[in-house]
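Here the structure comes first, spelled out in structure tokens, and everything after it is commentary.
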Amino acid sequence: MAPRIDAVAKARGATRYAADTMLPGMCHAVLVRSPVKHAWIGGFDLTAARAVPGVIGVFTANDMPEITFGRRVKDIPILARGKVRFIGERVAAVVAETRAQAEEAALRVDVQYEELPPVLDATAALEPGAQAVHDSPWEYPGAVVTKADPVNTQSHVTSGDAAEANELLARSAHMVDKTYATPSGHQGYLEPQACVASVQDGTIQVWASDKSPYRVRDELAACLKLDPSDIVVHPVAIGGDFGGKGLIGETPLCVQLARLTGRPVKLAVRYSEDLSATSPRHSMALRVRAGCDRDGRLQVLRVDAVADGGAYAGFKPRVNVDLSGLGDAGSPYRIPAVHTDVRIAYTNSVPRGHMRAPAAPQTTFAVESALDELALKVGIAPVELRRRNLLRGGEPNIHGITWAQCRGQETLDAALGAASGQCPAPAGWLTGRGVGVYDRHTTRAARTSLRLAAEDDGGIRAEVAVPETGTGSHTVARRILAEGLGVPEDTVRVVHVPTDELPYDRGAGGSRVSVGLGAVAAAAVKAWADRGEQNAVTVEIDDDLGADVTSYCVQIADVAVDPATGEIRVLRIVSAVDVADILNPAAHSMQLDGGTAMGYGFACLEDLQIEDGQVWSGTLGEFKLPSTRDVPPLDTVLVTGGSGIAPLNIKAAGELTNVPTAAAIANAVAAATNVRVRSLPIRAETVWAALQHERTTTGGRV
Amino acid sequence: MKLTFHLNGRMIELEAGPTAFLVDVLRSTGLTGTKEGCGMGVCGACTVLVDDRPVSSCLYLAPCVDGADVWTVEGLAERFPQVVDAFVAEEGMQCGICTPGQVAAVCALTLEKPAAAEPEIREYLNGNLCRCTGYQTIVAAAKAALDA
């Protein structure tokens, strides 16, 4: 099988990312960010900054269109106008000949702030009489709240019936009612956000670290009151995404700076700005109530969650401004009644956004931990509780969907089979094993386009609209086109083209890229066969065929805990994954391993430490991503033979293995120590303190 | 100040401020293969070799390379083709932003510990973060490079 099409260029350092764009006459922008949480902007003194050698201009909201933008709720200003709402918010921009000169001048921008009481706690923010982060959030375009909602509500979404859930809880033979907490965390892509913009002959040229070039184009057009055809977004490689590279973010500002200065402008943020001022994961408190009968058969699940959405809601794309993972609580199981109630609050902290399977890791940690606590009450093994409740083929799930195929039991068995045998642990340490279960449907909504053209040498040029975020999508495009066209892979040249050369693409994300490529490639192959005398064909698809395919992912973690210090060592993580056909085995396997490594980070390492409205883990020295030394041995077993999405018979892989890991590890720590950690990350200090408490209060076995 | 040093095997002369970082100076010459990630010497994306030792060019002051022998991924790819081949064959990358640093680190590994076994390889690459892959294919690439 031919290697990935981007491998040689990436290994030689030849691949171009947004920040590698160099244009003649290009200058550099640096942001001035708010040092305060919540304040009126009293005024600016730009004199000293403008006097710094090399400075071309210093700009504020007065130089920007009076507009707010966002993916659904349009509440984000291009530069703060009148008020700042979080530490790190953009208040001014300096453009200079060099980045160093711009950084020097940015330090000399004097902003007067008249501080306001900050809103720091999501639950308190939703109480009557709370200080408002936004005066009238219901007036923003796309808002899903009304004047009747608590003033700091970004969204309030419920499912199921509370009264029914409460009644079933009261009638359950066994019940748990526990609250779990998860911190904010950054997506951890290693390419800081970057944008280059230039105005050439009236057309705006953009290079941005954004996975949705067509959305960037359309959002820029809306922000700057231009026609989309006046804007071209150029292809660049994306240096990691995981939900964080679809923001639009600094792009409207960068374009406006290029228009104001008449020069090409590069705006590349430093990583510490990225950590503290982009769109990290929502921090959450989740109260889980679960009830079952005497035999451990689930009767009811109720999840009440409050999520901290930070200062702006504009990074959430869904129509309800919610996070899909919360509404899917309990989806792997047969549960007669599920009720969820999720409120997302505005606070004076960094605005939150999507991260790989939005809210699913948080929800799964909470629900799967609660199920272990319930199993303890029933007196059955945690695995047995899952076995009795996993959905079977033909049964509708909690949303009333009957999957074409449902292989939770098989996936659980595969995980248990692969996890047989003991993992060696240090002498004297406590050992335990935990399980975590997740299922995720494969999205069938695809909107993209593709052009095939004959080349002089007999090869075929395949122009794609979707960026390569690292998942191997362009390699997959080549493979399925070559197969469809019946030609060798090395005769198909896949090229990512600027936005003016193809009709549209929705962007990478939502685990839907391969499904979209499969559909558009099938259409292109057909058009190619019917092309007659033409030497090129362009096809566009826009499908939304609902969902009837799901994938189970069951993880089993083995851990050892040092009873003297609370140190946790994850000895092994086994992942069993329910798959159909696999287009690119190497890339598929990296998606699974990389996901588990990220799940491990969420479980044991990563905490953005947002306290008192401020991100304290402001560098990668404090916000710890898993390294080669951290990632435990990973074993993956594929449950093959699955039935996936036509025409390629595939299932999504990108947002599975990062989800149940924290639950599996938390459950393993509880099995090892008899103490339950209900907040992440699980640190030695937390475990040690819990062990001390257990020793002094219950005379427990540890 | 004027700096004279070997860059990818060729003598180069350039001007750099006394507080300029090596990553910026290298990138300003058009060698954009070297990436700035964390900007504080933690992630390893900016790794280059100075006198055949791996350094974080985001923290390394440019004046310190005066008279030294500096290799970036572009030159290392020519000097250590077996390392590039190993990363390609093992598909030791996804988004690729950390890859130039990983390649540089593995080149240094082949010089420093040519007989390293897996635990030693993992320890050596501990300073090169990757958010995409989970490291299995990167470690496999390093092994393949040492075996080549």
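Rule-based calculations on the coordinates, nothing more; no lab input. This is a predicted model, so every value here is computed, not measured. Using ideal geometry, Cβ is built from the backbone for each residue, glycine included, and neighbour counts are taken over all protein chains shown.
Taking θ as phi - 60° and the Karplus parameters 6.51, -1.76 and 1.60, the scalar couplings of the range B:11-25 work out to 5, 9, 10, 8, 9, 8, x, x, 10, 5, 8, 4, 4, 5, 5 Hz in sequence order, x denoting glycine and proline.
Separation of the range A:317-395 and the range A:145-215, taken as the distance between their Cα centroids, equals 15 angstrom.
Compute log10 of I(q)/I(0) for the range A:343-440 with the Debye formula, placing one identical point scatterer on every Cα and leaving out solvent, at q = 0.15, 0.20, 0.23 Å⁻¹, to two decimals. The computed values of log10 I(q)/I(0) come out as -0.85, -1.18, -1.35. Between the amide H of A:Val494 and those of A:Ala462, distances stay under 5 Å, these residues lying 5 or more places away or on another chain, with hydrogens modeled in the peptide plane.
Assuming charge only on the beta carbon of Lys and Arg (+1) and of Asp and Glu (-1), the dipole of the protein assembly as shown about its Cα centre is about 1280 debye to the nearest 20. With the Kirkwood sum run over all distinct C-alpha pairs, chain A has a hydrodynamic radius of 26.5 Å.
The shape of the range A:244-322 can be summarised by an equivalent ellipsoid whose semi-axes, obtained from the alpha carbon gyration tensor, come to 44, 13, 9 Å from longest to shortest. By the rule of a C-alpha distance below 21 Å, with chain neighbours fewer than 8 residues away ignored, the lysines paired with A:Lys225 are A:Lys74. Proximity of backbone amide H atoms, modeled 1.01 Å from N, is registered between A:Val321 and no other residue at under 5 Å, excluding neighbours fewer than 5 places apart on the same chain. Relative intensity of the range A:183-225 on a log10 scale, I(q)/I(0) at q = 0.13, 0.24, 0.33 Å⁻¹, equals -0.39, -0.93, -1.23, per a Debye sum over C-alpha point scatterers of equal strength in the absence of solvent. Ordering of A:207-220, A:290-303, A:391-404 by packing is A:207-220, A:290-303, A:391-404, highest average first (other Cβ atoms within 10 Å, averaged per residue).
Backbone amide hydrogens, once placed in the peptide plane, bring A:Gly246 within less than 5 Å of A:Lys211, excluding anything fewer than 5 places away on its chain.
By the gyration tensor of its Cα atoms, with a ≥ b ≥ c the square roots of the eigenvalues, what is the shape of the range A:41-129: rounded for a/c under 1.5, prolate for a/b over b/c, or oblate? Cα axes put the range A:41-129 in the prolate bin. Partners of B:Lys2 within straight-line reach, counting aspartates and glutamates whose Cα lies under 12 Å from its Cα and excluding those fewer than 8 residues away in the same chain: B:Glu13, B:Glu15, B:Asp66. For the protein assembly as shown, DSSP calls about 80 percent of its internal beta bridges antiparallel.
Across the range A:442-456, coupling constants 3J(HN,Hα) worked out from phi with the 6.51/-1.76/1.60 Karplus curve, θ = phi - 60°, read 9, 5, 10, 7, 9, 9, 7, 8, 7, 10, 10, 9, 6, 9, 4 Hz, and Gly and Pro carry x.
Each of A:Asp274, A:Asp227, A:Asp75 was scored by other Cβ atoms within 10 Å of its Cβ. Arranged with the fewest first, they read A:Asp227, A:Asp75, A:Asp274. A helix-only calculation puts chain A at -7500 deg cm²/dmol for mean residue ellipticity at 222 nm, using -39500 (n - 2.57) for each DSSP H run of at least four residues, averaged over all residues. Cross-linked pairs A:Lys147/A:Lys316; A:Lys10/A:Lys211; A:Lys10/A:Lys651; B:Lys113/B:Lys143; A:Lys178/A:Lys651; A:Lys245/A:Lys624: Cα-Cα separations exceed 23 Å for A:Lys10/A:Lys651; A:Lys178/A:Lys651. In terms of surrounding Cβ atoms within a 10 Å radius of their Cβ, A:Glu273, B:Glu118 rank from fewest to most as B:Glu118, A:Glu273. What the phi angles of the range B:140-145 give under the Karplus curve with 6.51, -1.76 and 1.60, with θ = phi - 60°, is a coupling list of 4, 5, 4, 4, 5, 5 Hz, glycine and proline written as x. Convex hull volume of the C-alpha atoms in chain B, normalised per residue: 91 Å³. For the range A:485-565, the list of GluC sites (Glu not before Pro) that fall in a loop by DSSP and count at most 14 other C-beta atoms within 10 angstrom reads A:Glu533. Normalised by the number of residues in chain A, the mean separation of alpha-carbon contacts (under 8 Å, six or more apart) gives a relative contact order of 15 percent.
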